[in-house]
Structures are given as C-alpha cells and as structure tokens.
Amino acid sequence: MAADRTQKLLNLERPTAELLFLLVTASGRKRVLEIGTSNGYSAIWLACALKKTGGDPLTTIEQNAAKAAQARENLRRAGTQKYAQVIEGDATRLCAALDGPFDCVFFDADRISAPAQLELLLPKLADDVLLIADNARSHPQEIADYLAAVEALPQFDATLIPVGKGLHVAYRRPPANGNATR
Ligand SMILES: C[S@@+](CC[C@H](N)C(=O)[O-])C[C@H]1O[C@@H](n2cnc3c(N)ncnc32)[C@H](O)[C@@H]1O
C-alpha cells in the first residue's frame, strides 16, 4: 500500500539546509518565518542560524499536529527550543494573523497555497526581505504561480539554485536611502 503522503517527513536535503543556514547567517537575518515545519529538520538549521545572528526566535508553522509535536521534541533535543516557536495550524489562515515584519520567509509547505500566503505577508515584509522556496525543480507546475507572483513584485532579484529539489531565492533591494525596515 502506498504510504500516506501527509505522514511523510519530506525534510530538506542536507546541502539545501546548509545553504539555507548560510543565506540566513551571511545576510544577518533576524526575523524568519518558515511555512512547513514537518518534524523540525530545517527549523533546527534556521534556529541555529538565528542564534548566530542574534535574531528573534524562528516562527515555524505546521498543520499536522503529530509533526508539530515531533518538531518541538526535536528542537528540544537539539538544544534549540529557545530559538524557535512551532505554531500549529493552517499557514494561510495563520499568515493573516501573524505580526511582522519578517526579513526572511522560507516557503516549504504545499506550494499551491504559497501565492495566497505571500499576498497576506506582503505588508509584513521588511524592505530587504529574502524569500526562499524549496521544490522549484521537483514540482515546477505546483510552484509556478508562486514564482510568477514573486516575479511580478517590483525590485526583487531572484535565482533558482540547483541544489536538492531546487531552491528559489528572491531578494528585495532596499530603498536607495538605506531606510530599510527590519
Ligand atoms: C516539505 S515538508 C516540510 C519539511 C521541513 N521544512 C524540513 O525540511 O524539515 C512540508 C510540510 O508542510 C506541511 N503543510 C502543508 N501544507 C500546509 C499548510 N497549508 N499549513 C501548514 N503546514 C502545511 C505538511 O504537513 C508538511 O509537514
């Protein structure tokens, strides 16, 4: 019998997680939102990155209660629970309620709902926000609307990095006067 996809953990490949860590630390991100926690593999990398940058604890969203519980336990076992908050529920509903600003959002949930989540998050994004999405190569059709939505936004530079399942990275150039909101 085929395994129920909703139970699969679908963690990032290690090279993708390492790149995510480097992007967050090298650019000094302080307010990171992750959509799609699973059992907390990428959340641990992001929490370690935020510990390094002196940022706020990671906010990470997972709709599956069992996975959210596993993520909390894995973050605790990794000694990173202080640097991450796992919120349980549907990300699109929660994005409407979250406070910003976020200077980095990592989209790693179902891809189809990412454009709606991006739309809800737009007023809550720092000027120099980094938007990152996995599965750009593995699920090109599912992610197409998200990529189109990012492309339609002004002042973003973007690239698709062929690591793991394909990591799409978009960065909004801050205003020339340097008054970026963080
Ligand atoms: C690819 S996995 C995340 C893997 C994780 N980032 C990691 O590398 O360890 C996607 C997760 O997103 C969750 N998910 C899917 N749609 C969601 C939604 N609308 N709201 C919240 N979580 C969602 C799934 O339950 C699944 O655990």
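The values are calculated or read from the model by the stated rules, or taken from the named source; none is laboratory data. Model, not experiment: these values are computed from the prediction. Note: ideal-geometry Cβ built from the backbone for every residue, glycine included; neighbour counts use all protein chains shown. With ligands, DNA and RNA removed, areas are computed over all heavy atoms of the protein, side chains included. Shrake-Rupley method; radii C 1.70, N 1.55, O 1.52, S 1.80 Å.
Structure values in brief
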{"item": "Percent accessible area from carbon and sulfur atoms, the range 68-118, protein chains only, probe 1.4 Å", "result": "50 percent"}
{"item": "Amide H contacts of Q63 (H built 1.01 Å from N, under 5 Å, at least 5 apart or other chain)", "result": "T37, G89"}
{"item": "Most to least accessible of L120, L75 (protein chains only, probe 1.4 Å)", "result": "L120, L75"}
{"item": "Under the Karplus curve 6.51 cos²θ - 1.76 cosθ + 1.60, θ = phi - 60°, whole-Hz ³J(HN,Hα) for the range 84-92, x wherever Gly or Pro sits", "result": "8, 10, 8, 10, 9, x, 6, 4, 5"}
{"item": "Net +/- balance of residues flanking Q81 in space, Cβ distance below 13 Å, scoring K and R +1, D and E -1", "result": "+4"}
{"item": "Amide H contacts under 5 Å for Q85, placed H, 5+ residues apart", "result": "L58, T59, T60"}
{"item": "Highest to lowest packing among 29-42, 88-101, scored as the average C-beta count within 10 Å", "result": "29-42, 88-101"}
{"item": "DSSP beta bridge pairing in the chain, given as percent antiparallel to the nearest 5", "result": "35 percent"}
{"item": "Relative contact order %, the range 1-62, counting alpha carbon pairs below 8 Å whose residues are six or more apart", "result": "38 percent"}
{"item": "Dipole axis of the chain (+1 Lys, Arg; -1 Asp, Glu on Cβ), positive-most option in G79, G89, T53", "result": "G79"}
{"item": "Proximal charge balance of Q155 [Cβ under 13 Å; K/R count +1, D/E count -1]", "result": "-2"}
{"item": "Lys, Arg +1 and Asp, Glu -1 on Cβ, resulting dipole of the chain about Cα centre, debye, nearest 20", "result": "600 debye"}
{"item": "Under the Karplus curve 6.51 cos²θ - 1.76 cosθ + 1.60, θ = phi - 60°, whole-Hz ³J(HN,Hα) for the range 20-37, x wherever Gly or Pro sits", "result": "4, 4, 5, 4, 6, 6, 5, 9, x, 5, 10, 9, 10, 10, 10, 10, x, 8"}
{"item": "The range 12-172 shape via C-alpha gyration tensor axes, a/c threshold 1.5", "result": "rounded"}
{"item": "Net charge over other residues, Cβ less than 10 angstrom from the Cβ of V32 (K, R count +1; D, E count -1)", "result": "0"}
{"item": "Under the Karplus curve 6.51 cos²θ - 1.76 cosθ + 1.60, θ = phi - 60°, whole-Hz ³J(HN,Hα) for the range 62-73, x wherever Gly or Pro sits", "result": "9, 8, 8, 4, 5, 5, 4, 5, 4, 4, 4, 5"}
